[in-house]
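Trainee: One structure coming up, written as structure tokens, with questions to follow.
The values are calculated or read from the model by the stated rules, or taken from the named source; none is laboratory data. Here the structure is a predicted model, which is why all the values come from computation and not from measurement. Cβ coordinates were reconstructed from backbone atoms using ideal geometry, including for glycine residues, and neighbour counts include every protein chain displayed. These accessible areas exclude ligands, DNA and RNA; they are computed on the full protein's heavy atoms, side chains included. Shrake-Rupley method; radii C 1.70, N 1.55, O 1.52, S 1.80 Å.
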Amino acid sequence: LSAFMHRADVTVLDGALAPVRLFLNAGAASLLFTKPLNELVVGDAGAKVSVNAIVTMTDNAFPARNVIGILPGSDPVLKNQYVAIGAHSDHVGIAPRAMAHDSMLVLNRIVRPGGAEDEGKEATPAQMAEINAELAEMRKKAPARADSIFNGADDDASGSMSVLEIAESMAAARTKPKRSTLFVWHVGEEKGLWGSHYFTEHPTVPRDSIIAQLNMDMVGRGAPTDQTGVSIDGKELRGGPDYLQLVGSRRLSAELGDLVERVNSTKQHNFKFDYGMDANGHPMNIYCRSDHYEYAKFGIPVAFMTTGGHSAYHQLTDEPQYIDYQHLSRVAKLVADVALDLGNGPRPKLNGPRPDPKAPCKQ
């Protein structure tokens, strides 16, 4: 078997080894199963094998770090409270092999509109014909371009740069908000909210002094052609010119959710908010999957802003040329205005008792 073994992954979760995954090529698999691969179904048992493995585990000599900045408030008392604005600065790395950019772009748009959420979907013969016809036209204009770098232009360079623009704008303003503003670029979100988990467990300001957290993760798309998610009853959600998803904005504090709606209306941002992904029991569990949750579990009211999913989600095609920069700018301006209202107005009240921070997250 060892001659055919392709790769073995060992994952450590909370100090314990997770089950080992072995990736085999077709030759090795044919030795394990009596049926052809295309006839196998989940649960089919193969031959028993014995594997000897040598595992080397080393600490990372160059740990990643959160980046944190504070704009001090203008009020001598309220400056000891903080409005947190955040995004994550990491993505998913490099592909094991280069792939044709245009092919991935067309395949995902036609077959996998949710990107990584639709991983495993295969093209039908009709879809393949459509893909090949479109690629033939594209090849007339430009040759194939191989790519192996996941740039993460939307996920989450869009959010990271929005936080930076908001920070620069607020720092340059003549009048500062009464409360201080805490800017955090979280690392390791894609690995499992590592940066936000560490920060909220080891905050650089008193945790209870953070009155709210505004999170931006993927705020650069949301076109009518983007499938931004699915409703709890399985219907496609689509973007639009004024599209923005809100998640969690009323879960801990209805007052925070009302404030976001009020700022959107009175300051004429004019977004049409989509709460479809925020439904209780939604199987995609978006509320638990970005950095805001690490704040929410300690009872800090949160509002997660996103333009939603799309066919480039966790794909090599998440590149800057596909970002809607005007839409991105509008989202950043909305978040800045919400932060200003929070910085100068009443502290949002909780709907009820604080949650148990050790309880499992369930949307």
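Trainee: Where does the chain land at 222 nm, in deg cm²/dmol rounded to the nearest 500, when only DSSP H runs of n ≥ 4 count, each adding -39500 (n - 2.57), divided by all residues?
Mentor: Estimated from H runs of four or more residues: -8000 deg cm²/dmol.
Trainee: Testing the spin-label approximation: label points 7 Å from Cα along Cα→Cβ at Ala47 and Arg174. State their distance in nm.
Mentor: Each label point is offset 7 Å from its Cα along the Cβ direction, giving 8.2 nm.
Trainee: Return one whole number: the accessible area per residue of the chain in Å², for a 1.4 Å probe.
Mentor: 54
Trainee: Direction-averaged shadow area of the convex hull around the Cα atoms of the range 171-283, nm²?
Mentor: 9.5
Trainee: Next question. Can you list, bin by bin at 5 Å, the percent of alpha carbon pairs in the range 280-363, starting at 0?
Mentor: Spelled out per bin, shortest first, that is 3, 11, 16, 19, 19, 16, 11, 6, 1, 0.
Trainee: Apply the Karplus curve 6.51 cos²θ - 1.76 cosθ + 1.60, θ = phi - 60°, to the phi angles in the range 171-183 and return the couplings in whole Hz, x for Gly and Pro.
Mentor: Result, rounded to whole Hz: 5, 7, 5, 5, 10, 8, x, 5, 7, 6, 10, 10, 9.
Trainee: When the Kirkwood radius is taken over all Cα pairs of the range 165-237, what Stokes-Einstein diffusion coefficient follows at 20 °C and 1.002 mPa s, in µm²/s?
Mentor: 136
Trainee: Same structure, new question: Over 28 Å between C-alpha atoms is what I'm after, so list which of Lys121/Lys358; Lys272/Lys358; Lys140/Lys272; Lys235/Lys333; Lys178/Lys267 land there.
Mentor: Over 28 Å apart, Cα to Cα: Lys121/Lys358; Lys272/Lys358; Lys140/Lys272; Lys235/Lys333.
Trainee: Based on the alpha carbons, how large is the Rg to Rh ratio for the chain when Rh follows Kirkwood?
Mentor: When Rh is taken as the Kirkwood radius, the ratio is 1.02.
Trainee: In 10 Å bins starting at 0, how do the alpha-carbon pair distances of the range 317-359 split up by percent?
Mentor: 21, 25, 27, 24, 3
Trainee: Can you give me the angle between helix 125-141 and the longest principal axis of the chain, using Cα atoms only, in degrees from 0 to 90, rounded to the nearest 10?
Mentor: So the helix axis and the longest Cα principal axis differ by about 70 degrees.
Trainee: How long are the three semi-axes of the equivalent ellipsoid for the range 23-95, computed from the Cα gyration tensor as the root of 5 times each eigenvalue, in whole Å, largest first?
Mentor: 55, 18, 12
Trainee: Then there is this: By average Cβ neighbour count within 10 Å, what is the ranking of 245-251, 83-89, 332-338 from highest down?
Mentor: Per-residue Cβ counts within 10 Å, averaged per peptide and sorted highest first, yield 83-89, 245-251, 332-338.
Trainee: Looking at the chain, what % of its DSSP beta bridges pair antiparallel, to the nearest 5?
Mentor: Taking every DSSP beta bridge within the chain, about 50 percent pair in antiparallel fashion.
Trainee: For an R0 of 51 angstrom, estimate the FRET efficiency from the Cβ-Cβ distance between Ala98 and Asn280 and round to the nearest 0.05.
Mentor: 0.75
Trainee: When N counts the residues of the range 259-329, how does its alpha-carbon radius of gyration compare numerically with 2.2 N^0.38 Å, as a ratio?
Mentor: Cα-based Rg divided by the globular estimate yields 1.31.
Trainee: Now for a separate question. Taking the Cα atoms of the range 101-237, what is the range of coordinates along each of the three principal axes, in descending order and whole Å?
Mentor: Principal-axis extents of the range 101-237 (Cα, largest first): 59, 36, 28 Å.
Trainee: Of the accessible area of the chain, with the probe set at 1.4 angstrom, what percent is carbon plus sulfur?
Mentor: 56
Trainee: Given contacts defined as C-alpha pairs under 8 Å and at least six residues apart, what's the relative contact order of the chain, whole-number percent?
Mentor: 22
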